[in-house]
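The values are calculated or read from the model by the stated rules, or taken from the named source; none is laboratory data. Just so you know, these numbers come straight off a predicted model, no measurement behind them. Glycine also receives a Cβ, built like all others from the backbone with ideal geometry; neighbour counts cover every protein chain displayed.
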């Protein structure tokens, strides 16, 4: 069998059809069932035009159907283009047009969120497949998937990754994780990010099971959390999970990636979890998930980003593309079998970033923009960036894209963006606000208008959590933006939002105390109409909030409830209802979810049929 990203899954399914492949809220899906469903759906996709060189969009919520669809697209010979149904419609439209996606796979639940244009195939529809609609085999050089990353020009760019790079990545994982328990691998990453490739296929191609959850904040609420033995996680997310006491109880291996890892967190993870091995991984999407990996032992000081992968060519070069000796910082260039094709429909940017390799005739290397150095023992030490790209909770963000969207708002004259702590902050000079005094201020009303417009254009992780309003952006001697001079955001209780709506019931007062504890705010300063996020909260604090509320009110509160009720006023009404009933919109959503789960349990091998 030709070695592809998915070929070893089929081998495992034939060998152990009764073994569990996916644990999720919908129940357990075996290898045999996943193999059958994805195979039937692959034939259906071929019948409507799928094959090598044909991208298939996957616009599916986080249920087992998501894995069925990805495997079906690959088995049909196509590459898959992940399309998160929660993304803004404009962004999904752009990704479909830019990638040339003509086929789109979805479910009844996500159908309304899909972009228009491609031929739509709905999982679960009863369709008769044309005779002879058999998949065409792919070769290692074919594209396996196209993942879109943030772009410095103001629009995202698609990275086309080959099967050969994925196979090399899986082989490297075999070497690195020898002796590790991969029987239950947490799949909490969005499929729009390449860590998901390591989570899904690292398990399914090696006989392990995927424990599918909505996101990291949903880990403690999974009924199968005790099945998780292997966890891939971003350092800042790990801190939040530890703070909430929400780590899987049986985890034995933890892989960090997506952000700088500090020894303080390493020590804490060894101390507060059951893990006996921690790893640090590094790599851009353009290099197929990771290009260096390292075991991080206990009490070893500040961790490196590991040694280069066996399949990667890693250079540390100066501005003249000359190799630098160990100990000297330079830009990291990356080559080898994991190198992507380039950027879809972006020949100029591809040529700028994928340059000829001066050390290997006929090969290319990728300019990562990361500053690193080799240590004396051959490991890589990360030193920063050459540009304005940042990583925030594992998400790769080009600040220029955020700034372009900010300045596109009619309320904004000038804008900048920066990461402050664990928050993305926007800095705005308002249009027509010449009377604005010097100094930084917050304005809840104007922030709501601007972020509302950004939310229609950008994924949630790229929308600034806070917008600071300035009379002018700080400039350096050359007249360019001085990012280092951007101020810390003012305290949240200084927001000029008009009269405060104070707590008026015992429940609201109790909630104000809990929010104040988590957000380091005076309870009396909290407006019961203000959303948790607007006051400085984040998704990881929701885990702690749910647990504190459960104990305080003696009633189970889930993270999903906190996504439905975002301020103290609505939470208070919900908690005070004698019956515990929820608004009709939430009841309806839960009924639809329960219907989908029941259908998944009873559908057998009919998905995609």
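What about residue 326, is it over 23 Å from the mean Cα position of the chain (by Cα), closer than 22 Å to residue 197 by Cβ, assigned to a loop (DSSP other than H, G, I, E, B) and in contact (Cβ under 8 Å) with a residue 40 or more places away in the chain?
So residue 326 does not fit the description; no.
Can you tell me which residue in the range 414-437 is modelled with the lowest pLDDT, limited to those that are touching a helix residue (DSSP H, G or I) at 6+ places or on another chain (Cβ under 8 Å) and more than 27 Å from residue 368 (Cα to Cα)?
This residue is 414.
Of the numbered conditions (1) assigned to a helix (DSSP H, G or I); (2) in contact (Cβ under 8 Å) with a residue 60 or more places away in the chain, residue 501 fails exactly one; give the number of that condition.
(1)
Can you tell me how many residues in the range 254-280 are within 16 Å of residue 241 (Cβ to Cβ) and part of a strand (DSSP E or B)?
4
For the structure I just gave you, tell me whether residue 191 is surrounded by fewer than 17 Cβ atoms within 10 Å (Cβ to Cβ), in contact with a helix residue (DSSP H, G or I) (Cβ under 8 Å, 6 or more places away or on another chain) and assigned to a loop (DSSP other than H, G, I, E, B).
On the way: surrounded by fewer than 17 Cβ atoms within 10 Å (Cβ to Cβ): no; in contact with a helix residue (DSSP H, G or I) (Cβ under 8 Å, 6 or more places away or on another chain): yes; assigned to a loop (DSSP other than H, G, I, E, B): yes.
No; evaluated as a whole, the condition is false for this residue.
Please verify whether residue 353 is touching a residue at least 24 places away in the same chain (Cβ under 8 Å) and in the same structural domain as residue 482 (by TED's automatic domain parsing), treating the condition exactly as stated.
no
Sort out which residues of the range 98-116 are over 17 Å from residue 50 (Cβ atoms), over 22 Å from the mean Cα position of the chain (by Cα) and touching a residue at least 12 places away in the same chain (Cβ under 8 Å), and write them in order of number.
Once the filter is applied, which keeps residues that are over 17 Å from residue 50 (Cβ atoms), over 22 Å from the mean Cα position of the chain (by Cα) and touching a residue at least 12 places away in the same chain (Cβ under 8 Å), the range 98-116 yields 108, 116.
Starting from residues that are in contact with a helix residue (DSSP H, G or I) (Cβ under 9 Å, 6 or more places away or on another chain) and modelled with pLDDT of 75 or more, keep the ones in the range 117-134 and report whichever is surrounded by the most Cβ atoms within 10 Å (Cβ to Cβ).
Of everything passing the filter in the range 117-134, 123 is surrounded by the most Cβ atoms within 10 Å (Cβ to Cβ).
Condition (residue is closer than 30 Å to residue 335 by Cα and in a loop (DSSP other than H, G, I, E, B)) applied to the range 225-239: is it met by at least one residue?
yes
Being more than 30 Å from the chain's Cα centre (by Cα) and modelled with pLDDT of 85 or more is the filter here; which residues of the range 463-506 pass it? Give the steps one after another, and end with the answer.
So in the range 463-506, the residues more than 30 Å from the chain's Cα centre (by Cα) come out as 470-480, 493-506.
Of everything in the range 463-506, those that are more than 30 Å from the chain's Cα centre (by Cα) and modelled with pLDDT of 85 or more turn out to be 470, 471, 472, 473, 474, 501, 502, 503, 504, 505, 506.
Conditions first: (1) in a loop (DSSP other than H, G, I, E, B); (2) closer than 25 Å to residue 396 by Cα; (3) at pLDDT 95 or above. Residue 144 passes all but one, so which condition is the exception?
(1)
Tell me yes or no: at least one residue of the range 388-405 is more than 30 Å from residue 448 (Cα to Cα), part of a strand (DSSP E or B) and touching a helix residue (DSSP H, G or I) at 6+ places or on another chain (Cβ under 8 Å).
No, every residue in the range 388-405 fails to be more than 30 Å from residue 448 (Cα to Cα), part of a strand (DSSP E or B) and touching a helix residue (DSSP H, G or I) at 6+ places or on another chain (Cβ under 8 Å).
What tally of residues in the range 16-27 results from selecting those that are on the phi < 0 side of the Ramachandran plot, touching a residue at least 60 places away in the same chain (Cβ under 8 Å) and surrounded by fewer than 22 Cβ atoms within 10 Å (Cβ to Cβ)?
Taking the range 16-27 as the starting set, the residues that turn out to be on the phi < 0 side of the Ramachandran plot are 16-26.
Then keep just the ones that are touching a residue at least 60 places away in the same chain (Cβ under 8 Å); that gives 16, 19-26.
Checking the rest, the ones that are also surrounded by fewer than 22 Cβ atoms within 10 Å (Cβ to Cβ) come to 16, 19-20, 25-26.
Qualifying residue count, the range 16-27: 5.
Here is a yes/no grid of residues against (1) in contact with a strand residue (DSSP E or B) (Cβ under 6 Å, 6 or more places away or on another chain); (2) surrounded by fewer than 21 Cβ atoms within 10 Å (Cβ to Cβ):
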| position | (1), (2) |
| --- | --- |
| 155 | no, yes |
| 161 | yes, no |
| 175 | no, yes |
| 183 | no, yes |
| 217 | no, no |
| 223 | no, yes |
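Would you call residue 382 outside the structural domain of residue 541 (by TED's automatic domain parsing), part of a strand (DSSP E or B) and out of contact with any helix residue (DSSP H, G or I) (no Cβ under 7 Å at 6 or more places or on another chain)?
Yes: the conditions hold for residue 382.
What is the number of the single condition among (1) within 21 Å of residue 41 (Cα to Cα); (2) in contact with a helix residue (DSSP H, G or I) (Cβ under 7 Å, 6 or more places away or on another chain) that residue 137 does not meet?
Result: residue 137 passes all but (2).
So that you can scan it fast, the table gives a plain yes or no per residue for (1) in contact with a helix residue (DSSP H, G or I) (Cβ under 8 Å, 6 or more places away or on another chain); (2) at pLDDT below 95; (3) buried (at least 20 other Cβ atoms within 10 Å of the Cβ); (4) within 29 Å of residue 146 (Cα to Cα):
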{"site": "277", "(1), (2), (3), (4)": "no, no, no, no"}
{"site": "288", "(1), (2), (3), (4)": "yes, no, yes, yes"}
{"site": "319", "(1), (2), (3), (4)": "no, yes, no, no"}
{"site": "334", "(1), (2), (3), (4)": "yes, no, yes, yes"}
{"site": "346", "(1), (2), (3), (4)": "no, yes, no, yes"}
{"site": "351", "(1), (2), (3), (4)": "no, no, no, yes"}
